[in-house]
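Report on the following structure.
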Amino acid sequence: MSLGRLHPISIAIREIAEIFDRMGFGIAYGPELEDDWHNFTALNVPADHPARDMQDTFWIKGEPGKVLRTHTSSVQIRYMEEQVKKGITPPYRIIVPGKVFRNEATDATHEAQFFQLEGLAIGEDITLAHLKGTFDRFFREYFGPSIKTRFRPSFFPFTEPSIEVDVWFEKENRWLELGGAGMVHPQVLEHVGVDAKKYQGFAFGPGLERIIMIKYGIPDARLFHSGDVRFNYAFGEKLP
Amino acid sequence: MKVSTQWLQKYFALPLPSTAVIADALTFHAFEIEEVGDGMLDIKVLPNRAADCLSHRGIAKELSAILNIPLLEDPLRGALPAFPKKAALAVVIEDPKKCLRYMGALVKRVKVGPSPAWLKEALESVGQRSINNIVDATNYVMLDIGQPLHAFDAHKISTFVGGSLCQLAVRGARTGEKIETLSRDLLELPEGVLLITDMGAESPIGIAGVKGGIAAEITTSTMDIIVESANFDGTTIRRAAQVLKLFTDASLRFQNRPSPELAAYGMRDALALITAIAGGEVEGVADEYPDRPMVRPGVSVSLAKINSILGSNFSKKEVEMVFKRLGFETKITSESFIVTPPFERADITIPEDLVEEVGRIQGYDKISASELPSWEGSPDQARYRGIERMKDQLVEQGFTEISTQSFAKKGDVVLANPLDKTKPALRTSLRENLEEALERAKQYAPLVLTPHEKFKLFEIGTVFPKEGEYLELQTTERGFDGELSRTVAAWGLPAQAGDAATMRDNLSVAKLEDYGKDYTPKEHKLGAYQPFSIYPFIVRDVALWVSKETKAEDVEAIIRVNAGELAQKIYLFDTFVKPARADDAGGDGKKSFAFRMVLQSFERTLLDAEANVVYKKVVKALQAANKDWQVRA
């Protein structure tokens, strides 16, 4: 009997989980059907604020306080709340590979549901330089040694400073946008009960399919979650 | 926001660098550029800077700081003129929390007409239409310094016509009120939407902070006008725009809370421009400013904090330079900076905001990467590994993993705003998608499986029954001899009776952490991605008798060469050796190979006739290759 095949996203997550394991990152989980507090307010996105327009949200009929999570950043809040409840202070290091939902028209590069790779590192001396170093190491190990990264200024309500990270892709001879990141906003730490005067750190949340599409040259994001087995067999899979 | 480089240029004495250099300067120190055109840049100004940078002055100020070139003159730093004190109009503000400031000027004897060429060009260069000199002037000032403005025809205000002061009110809409906007749309006004009203006639003349009404529209016969420069609460304006589905340049700016101080500068510039191009005299300016803001407190940050957040090594001088270039009033102590941000920089409130200013103006390329300190002990990936261990077992048993959409036709949880109206709910089970995927997989089988294999699929994903979401595992079958059921029992999950169609495993109750804590998921490597065609394929089998010593690879090679690029897959699926029999001379160990060719085009649906051409070519080549070979019909 021949072996079955894992979904390419599972294979990618394994590779990434292993890279981050060696950097000390655990893996955390949270619900996909979230509440307003964890998805927005705790992350410094108050109600009626234009920052809420930055993401197209799916709302739930008959349940005004609930949303399909628009990002995995909600798990940052849940994880830290849980640690504080257990009396565990930073350092914290987690990644969250999880499904998120955006009410956006779909096309080759946009899906209404996709995965993000959230990351959080909080400690007494975690800096933006560490964020750069973490990305450098992740991309070198995942994409290859010739990779280069750069930061551009941006804005997210839950980070300050906020940046966008680009990666230099040798094969295509250009910079590719990967996603947002930054230093966790002190207000966010205060919301979860972590002492912002003592602790600081970074967070990131690039799209996972995008990372995989860049690495393998996959043309269409819709291939990932359409239940099409041909996708599993479209890679010359090398089994160990 | 679209900006014109020619417009930006008027802020500087020396010529600005090229549009490409400007684009890079902004990209690496301020904002993403969405589009670069001929003398135009479309700048992505995010909510934190929408109060000051949705204007040419704001962008010019950024360029001044980034490129270190001083502004010729900063319109927000000059002294404000003393407006004529003659009472021109009376304004009543119902709720000072909703209208933070209202300035109204009465300008008499204007000549409404076309705008001068320079003004038309300026507006067109950023994608705006020219309407008439009064309206254009108000739009120009908004695009120039960020203050939305409006002008009304004074003669259409009831009290003015009666020979006395214009009386306006800024109040919430009452039940049943309607307004016809300047675009000739008649809108029903939900209660609470803020309006500018003609107090005497008790009728709305504008939706505050959003759009003007046709009742007091400026036309070519207008002689006397009222110029409005005001400030409204951001939440009130955002809600109004959303409920009316009316998103304008004005509402975009007000929802991001520009300072009420800006209103005076807007009024100054609007009056100067209007009188210059349309003539007229300013009779008087009313200014209702109920809660004049207190002087903003300073924001303090130490050099140590800046470097400790960025992981940088900036000197006191380098930080000082950033604040100077940004025009921040700074008091420097031995180790700290106390910055009083200018009124338009509403985004500077905490020390981290100043850290960001230093980081971005200096440039993030100046920060060297640093490796995280090593981690004590092993990180907790137990639950993840528990799930992956299950996946490995399923794969070993021949199951292939799929991933499908969470949206469904029916469910317990329904979306208020579904993207696909035929699937407005969240799935309560993985079953439906799994069955549909299996049907499709069966069709694709010849492309990826040998004829003896069949697909067994599984999915692990979240489902949303009314009791609450959980992680579910479902498979298309229970496996050979119920093997999977035994595996599932080993995961600590309850046994289930029945067939595969109804069985579902709730992984949220499985002891995932225990199951995974000492497990290392098997490593898989994905090879290069080979795109597959979406068009239907045609299968052609070719079988032939060969001699005993013939190797399958050699036959396959000939088939491959002759089948050409339409053959997506070629594989041997059967080998048959004829047993020797006393009465059958042919049975002397001769063997037969059967190959399958899966033919498919990347551009279109292949025709039967085309497949036949390929088949015939392959057969001909095989026959010619070796006289002992015999292709079987």
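The values are calculated or read from the model by the stated rules, or taken from the named source; none is laboratory data. Since the model is a prediction, treat every value here as computed from it, not as a measurement. Note: ideal-geometry Cβ built from the backbone for every residue, glycine included; neighbour counts use all protein chains shown. Please note that ligands, DNA and RNA were not included when accessible areas were found on the heavy atoms of the full protein model with its side chains. Shrake-Rupley method; radii C 1.70, N 1.55, O 1.52, S 1.80 Å.
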- Item | Approximate shape of chain A as ellipsoid semi-axes (Cα gyration tensor, √5λ), whole Å, largest first | 29, 22, 18
- Query: In angstroms, what radius of gyration and Dmax does chain B have, counting Cα atoms only?
  - Reply: 37.5, 128
- Measuring from centroid to centroid over Cα atoms, what is the spacing of segment B:610-633 and segment A:38-66 in Å? 66 Å
- Item | Additional length obtainable on full extension of the chain from B:Ala276 to B:Glu435, 0.36 nm per residue less Cα span | 49.9 nm
- Task: Leaving ligands, DNA and RNA out of it, rank A:Trp168, A:Trp37, B:Trp629 by accessible area with a 1.4 Å probe, largest first.
- Result: A:Trp37, A:Trp168, B:Trp629
- Message: Checking the cross-link filter: which aspartates and glutamates have an alpha carbon closer than 20 Å to that of B:Lys421, excluding same-chain neighbours under 8 positions apart?
- Response: A:Asp56, A:Glu63, A:Glu104, A:Asp107, A:Glu111, B:Asp412, B:Glu432, B:Glu436
- Task: Determine the dipole magnitude for segment B:262-345: charges of +1 sit on the beta-carbon of Lys and Arg, -1 on that of Asp and Glu, nothing else is charged, the reference point is the Cα centre, and the result goes in debye to the nearest 20.
- Result: 660 debye
- Note on the structure: Interchain or sequence-distant (5+) residues whose placed amide H lies within less than 5 Å of the amide H of B:Cys99 are B:Asp233
- Task: On the full set of protein chains, 1.4 Å probe, figure out the accessible area of A:Thr106 and give it in Å² to the nearest 10.
- Result: 70 Å²
- Note on the structure: Compactness check, segment A:96-230: C-alpha Rg relative to the 2.2 N^0.38 Å globular estimate gives 1.14
- In degrees, nearest 10, the alpha-carbon axis of helix B:382-396 is tilted away from the dominant principal axis of the alpha carbons of chain B by 40 degrees
- Item | Amide H contacts under 5 Å for B:Tyr529, placed H, 5+ residues apart | none
- Under the Karplus relation 6.51 cos²θ - 1.76 cosθ + 1.60, θ = phi - 60°, what is the ordered set of whole-Hz ³J(HN,Hα) values for segment B:440-449, x standing for Gly and Pro? 5, 4, 4, 5, 7, 3, x, 6, 10, 10
- Item | Number of partner chain Cβ atoms within 10 Å, mean per residue of B:401-413 | 5
- Nonlocal Lys pairs with alpha-carbon distance under 29 Å, segment A:120-240 (8 or more apart, or different chains): 11
- What's the extension gain from B:Val509 to B:Arg174 if we count 0.36 nm per residue and subtract their Cα-Cα distance? 115.2 nm
- Leaving out same-chain residues fewer than 8 places away, which lysines sit with a Cα under 25 Å from that of B:Lys517? A:Lys85, A:Lys86, A:Lys99, B:Lys391, B:Lys525
- Message: Give me the three principal axis extents of the protein assembly as shown from the C-alpha atoms, as integers in angstrom, largest value leading.
- Response: 127, 63, 58
- Output the antiparallel fraction of DSSP beta bridges having both residues in the protein assembly as shown, as a percent to the nearest 5. 95 percent
- Item | Net charge of Cβ neighbours under 13 Å - reference B:Lys111; Lys, Arg +1; Asp, Glu -1 | 0
- Note on the structure: Filtered hits (lysines, Cα-Cα < 23 Å from B:Lys156, offset >= 8 within chain) -> B:Lys86, B:Lys108, B:Lys111, B:Lys178, B:Lys211
- Task: Please work out how much length the chain gains when fully extended from B:Ala82 to B:Ile534, using 0.36 nm per residue of separation minus the C-alpha to C-alpha distance, in nm with one decimal.
- Result: 155.5 nm
- Query: Which order do B:Met294, B:Met321 take when ranked by solvent-accessible area (1.4 Å probe, heavy atoms of all protein chains), largest first?
  - Reply: B:Met294, B:Met321
- Query: In what order, largest first, do B:Ser64, B:Ser221, B:Ser508 sit by accessible area if the probe radius is 1.4 Å?
  - Reply: B:Ser221, B:Ser508, B:Ser64
- Over the Cα atoms of segment A:1-54 the radius of gyration and the largest Cα-Cα distance (Dmax), both in Å, equal 17.8, 58
- Mind checking which of A:Gln76, A:Ile88, A:Ile122 is farthest towards the positive end of segment A:73-139's charge dipole, using Cβ charges of +1 (Lys, Arg) and -1 (Asp, Glu) about the Cα centre? A:Ile88
- Note on the structure: Taking the alpha-carbon centre of each part, the distance from segment A:189-240 to segment B:334-373 in Å is 30 Å
- Listed by chain and number, the residues whose amide H is under 5 Å from that of B:Ser403, excluding neighbours fewer than 5 places away on the same chain and using placed H, are A:Gly227, A:Asp228
- Task: Express in Å², to the nearest 10, the accessible area of B:Tyr615 obtained by rolling a 1.4 Å probe over the protein heavy atoms while all chains stay in place.
- Result: 60 Å²
- Task: Check segment B:230-387 and count each lysine pair with an alpha-carbon distance under 22 angstrom, considering only pairs eight or more places apart or from different chains.
- Result: 11
- With DNA, RNA and ligands ignored, accessible area of B:Arg431 (1.4 Å probe; Å², nearest 10): 30 Å²
- Measuring from its Cα centre, the protein assembly as shown shows a charge dipole (+1 at each Lys and Arg Cβ, -1 at each Asp and Glu Cβ) which, in debye to the nearest 20, is 980 debye
- So for chain A, taking the charge dipole from beta-carbon charges (+1 Lys/Arg, -1 Asp/Glu), which of A:Gly207, A:Thr41, A:Ala12 sits furthest toward the positive end? A:Ala12
